[in-house]
Every structure is written in structure tokens, then in C-alpha cells.
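Here's the structure we're looking at; comments come further down.
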Amino acid sequence: MQNKNLTILLILAIDFLVFYFSLAIVLLLRMNNTFFESFREHALPFFFLFLIYEAVIFFMGIWDRNFLPSRKNLFNLLAVAQIISLFFMSIFFYSFPVFYIAPKTNLIIFSIFLFIFIFLWKSFFYPRLFGKNSKRALLLDENFSLTEKLEDSLWNIKVVEKADGGFSAEKIKKYISENKVDVIIINLETFGDLEKIYSVFLDGVEILDSNFLEEELEEKISLKKIDKKWIIKNINNGPQNEFLIRLIDLFLAVPVLIIFLLVYPFVALVIKMDDGGRAMVSLERVGRFNKIFYLKKFRSMPEKIKEGERRITKVGKFLRKSSLDELPQVLSIIKGEMSFIGPRPENLSYVKKYENLIPYYNMRHLVSPGISGWAQIRQKEAPHHALDVDLTAEKLEYDLYYLKNRTLFMYLKIVFRTVLVIFNRKNYD
């Protein structure tokens, strides 16, 4: 735990230095004669901008413990984070004129330099500092696949010995002493005699639950590892966060509703010109607590499918690619039938089949369905407009992870990640 906190502080410190180094470069270029005075004027307001920037990259997932993407993906991720940050930074300066600076040009130049330097730091130096495993672990569990998963992550754990739990207490102590083991990984649910490891825990050896590790590495929960006891213990169906999430839904819905009302006449006209049909369709979906509701979408398919006819119209391709077809769903959010974030709403006929084929499928109906969600942004291949038990079971595993970790922070994290997905135009239907 101490090493984890030191790592976070070190990353924050380097981010802080890069942030102010970028500011210094801009002020040197733009205000060379009054550099020190200008730096003093900018230092305090830019500290608040630093907090904004760190919050954005946190919700974008750059602070995840297993964050180590390719440089191409990192470039895309930081580019979107920079655009979002610039937006909030601009709002900050115009909302708090007390600082007596409004660095329009400087802020844009600063954002460019910050993007370049942060990209260099995160892509070249970050992996070298934190990409190598440092903690030595003894894995006393049958789940040997954790070894490779940990090595590909930033948990700083390297499994140096694997066993199925048959080690005696004396052998565990001897092995820890001879091999300088820092961590023991066990399955807390099935490990027989905890006395075997309790004494080494008191000596300072870290004990990690293999189930928890696998959940955090995969960011989903295997259906093989849950039962009714697990669900009651881990899925909170209380009112916590509900009020705040509802407020944020309504707050976000207002600008989206305005956009919808502005674009509706034009989209409706284009759809009408394309094939002469209706602009929107009503789709029957299952909502929270299995209540039926009807969500609206801009129509992207022909109203009547003829033999050999394409299933997506020309206009529909654009609407889906730009995600404009989703805009009318804001009406369901305002009515409280949906949220911006939640499991994807499914049609009733599929739900009835999946409930018989996939265990605990109805758990996803404990919360309001969402336009976006954890499964929508994390699942590499999602089921699309057809019955698919395997992919839907995997989708449920992501939904369960969301239900277990459903907090305001998780909500905001998915919102920011969704923006990234829309920018990249991947994995989005």
C-alpha cells in the first residue's frame, strides 16, 4: 500500500513538473521581458487548471493501474483529454475573472506544448519507470493465468512461484525468506487454512485475493464465480448515489435536448428525402425492475425490408457513425426511464430468452438502462441486433462489474470514456 501511494505521488509530481514546464515555455516565448512577473501571475490560477487536467485524465482512464497502451492509442486518448481539458480551462477563466488574466492565445499554445510533453512523458518514460514488475509474488491458487495478466499490467507484481495451495506453513515461510517474496496471492473464498499465511501477514507480507485481482485486471466479473450470496454481498441496490446521478442526468440532458431540438427538423427532412418514411422509431425495451418502456431513435433502417434491400439506409449509415441516431433517447432520460450511463436496454423477446439461458441475467435490470455503459465501452465485440448467448453473457460480466462498482466516480469515468469512444468511432453502435 505504501509503495502504491509513493508511486501515485511520484506520477503526480512529474505531471505537475511537466504542466508548469509547459507554462514556463509559453511565457518565455510570449512574455520574455516580464517572464518572472508573468509566471507569478499565472502560477496560482494554473494550479487549479492542473487539478482540472488531472481530474480529466483520471476519468479518461489514464490513472488505471493496468494502463499501458500503445503509443497510437495513447496519442488518441491524450488528444481527447486535451480537448476536454481545454474546454473546462476556458470555462474556468471566464467564470473566475478574479485572477485578472484571460490567456486566450497563451492557453491554446500552452495546451499544445502540454500535449507534446505529456505524450513524451507517458509514452517513453512512464513505461520505463512503472512498466517493470518489482514486487515478487507467491501464487497459491489454481488460477495460474494470473501470472501473464499481471506481467502485462502495472500492478508491479511478478509471480516467482506457483502452487495450488499445498504448501505447508513452514514451507511458505522458508520460501518467502529465501526468495524475498513481497506478496502472497490466494483465493480467500476457497483457501483452506488461513493460519498458514496469517503469521507472514503479521510480518508485513501483503496478501491479495486472486478473485479481486482478476476482476481488476479484466474489469469484469466471471459468471462462474458468482452466486446469490455473492450478489447480495456485492450488489448494492440502495439509494446511494441515485439522487446525484439523477441530477447529473438532468443536467447533461438539457444541452443534449437543445441539440436534439435544433437538429431534428434537418435530420427528419433528410430521412424523408432518403426513403419517404418516418423520422423516428419507437423501440420496446426492458427498463429498471423489468418495467417496459419505449425509447426513441432516429430511423436508420428501411421501414419495410424488401428482399435484397440493404438493411441500413444511406442516411442511416451517417446517423449511426456519428451517433446522431441516439439523440432522441434523451427524451427517455428526462422521463426517468433511462440514464446516460447504465446497461444497454434490451428488447423484451431477447430478455425472456436470455433469462432462461444466462444465469443472473436479470441482475442488470436493478438499475436504469443507459445510452452508454461499462459494457458498451469495454467489450471488444458486442452482440448486435441478433440473439448471441456467448457475447451477451460476456456483456453481463461487464454489467456486473459496473453494478458492483457503481459510484458517482464510475459514472463520470464512463462519461469521459464514452467521449473518447465517439471520437475514435470504435465499438459504438
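Can Lys272 be described as in a helix (DSSP H, G or I) and more than 28 Å from Tyr411 (Cβ to Cβ)?
Values: in a helix (DSSP H, G or I): yes; more than 28 Å from Tyr411 (Cβ to Cβ): yes.
Yes: the conditions hold for Lys272.
May I ask you to list the residues in segment 181-204 that are out of contact with any strand residue (DSSP E or B) (no Cβ under 6 Å at 6 or more places or on another chain) and farther than 12 Å from Asp141 by Cα?
Here is the first cut: in segment 181-204, the ones out of contact with any strand residue (DSSP E or B) (no Cβ under 6 Å at 6 or more places or on another chain) are 187, 189-196, 198-200, 202-204.
The answer is Asp193, Leu194, Glu195, Lys196, Tyr198, Ser199, Val200, Leu202, Asp203, Gly204.
Name the residues in segment 244-282 that are among the aliphatic types (A, V, I, L, M) and in contact with a Pro (Cβ under 8 Å, 6 or more places away or on another chain), would you?
Applying the first criterion (among the aliphatic types (A, V, I, L, M)) to segment 244-282 yields 244-245, 247-248, 250, 252-254, 256-259, 261-263, 267-271, 273, 279-281.
Result: Met280, single match.
Scanning for something surrounded by 13 or more Cβ atoms within 10 Å (Cβ to Cβ), farther than 30 Å from Ser322 by Cβ, touching a residue at least 24 places away in the same chain (Cβ under 8 Å) and among the aliphatic types (A, V, I, L, M), does segment 228-239 turn up at least one residue?
Yes, the conditions are met somewhere in segment 228-239.
If you take the residues in segment 33-75 that are basic (Lys, Arg) and closer than 24 Å to Trp374 by Cβ, which one is modelled with the highest pLDDT?
Filtering segment 33-75 for residues basic (Lys, Arg) gives 40, 65, 71-72.
Now narrow it down to the ones that are closer than 24 Å to Trp374 by Cβ: 65, 72.
Working: Arg65: 51, Lys72: 64.
Ranking the qualifying residues of segment 33-75, first place goes to Lys72.
Name every residue in segment 320-330 that is assigned to a helix (DSSP H, G or I) and either farther than 10 Å from Lys297 by Cα or in contact with a Cys (Cβ under 6 Å, 6 or more places away or on another chain) (or both), in order of residue number.
We begin by selecting, within segment 320-330, every residue assigned to a helix (DSSP H, G or I); these are 320-322, 324-330.
If the condition is that a residue be assigned to a helix (DSSP H, G or I) and either farther than 10 Å from Lys297 by Cα or in contact with a Cys (Cβ under 6 Å, 6 or more places away or on another chain) (or both), then Arg320, Lys321, Ser322 are the ones that fit.
The values are calculated or read from the model by the stated rules, or taken from the named source; none is laboratory data. Remember, it's a predicted structure, so these values are computed and weren't measured experimentally. Quick reminder, even Gly has a Cβ in these numbers, built from the backbone with ideal geometry, and neighbours come from all protein chains shown.
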